[in-house]
Amino acid sequence: MPPRDLITIHNVSRTPAEFNALSDIPPELEWLANITNLKTRRAYKVNVAEFLAFSGLSEIKSLRAVARSHVIAWRKDILDRLVHNAHRIEMRGESMRKKRNPPQDEKKE
């Protein structure tokens, strides 16, 4: 049995200080850790930079304080910008719905 001040992980023992030091991984590496595709990784880096700008965070270390609600607000902002910048298509002529469902007074004739 290992001494009490060691934590055993898959036959690797670390002191509590060593274990706590594992959380000192830079946040950008933590966020991108499982992304192996280079194009996706590059796109995510751009997204992280956009999120930092949106949230007003100046340091990448601040990402550790981000909550789900912050990401939801950012997503809503993106969707709002997409809707407001969307192109409108002007249609000419009468609506197909109106042609299929004429007003009640026209049906009586």
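Below are the figures for this structure:
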item	result
Enumeration of residues in the stretch 51-75 that are among the β-branched types (V, I, T), within 16 Å of P26 (Cβ to Cβ) and part of a helix (DSSP H, G or I)	I60
Any hit, the stretch 35-43, residues being assigned to a helix (DSSP H, G or I), touching a helix residue (DSSP H, G or I) at 6+ places or on another chain (Cβ under 9 Å) and hydrophobic (A, V, I, L, M, F, W, C)	no
Among the candidates N47, N101, residue that is surrounded by 10 or more Cβ atoms within 10 Å (Cβ to Cβ) and modelled with pLDDT under 75	N101
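The values are calculated or read from the model by the stated rules, or taken from the named source; none is laboratory data. These figures come from a predicted structure and were not determined experimentally. Virtual Cβ from ideal backbone geometry, glycine too; neighbours counted across all protein chains shown.
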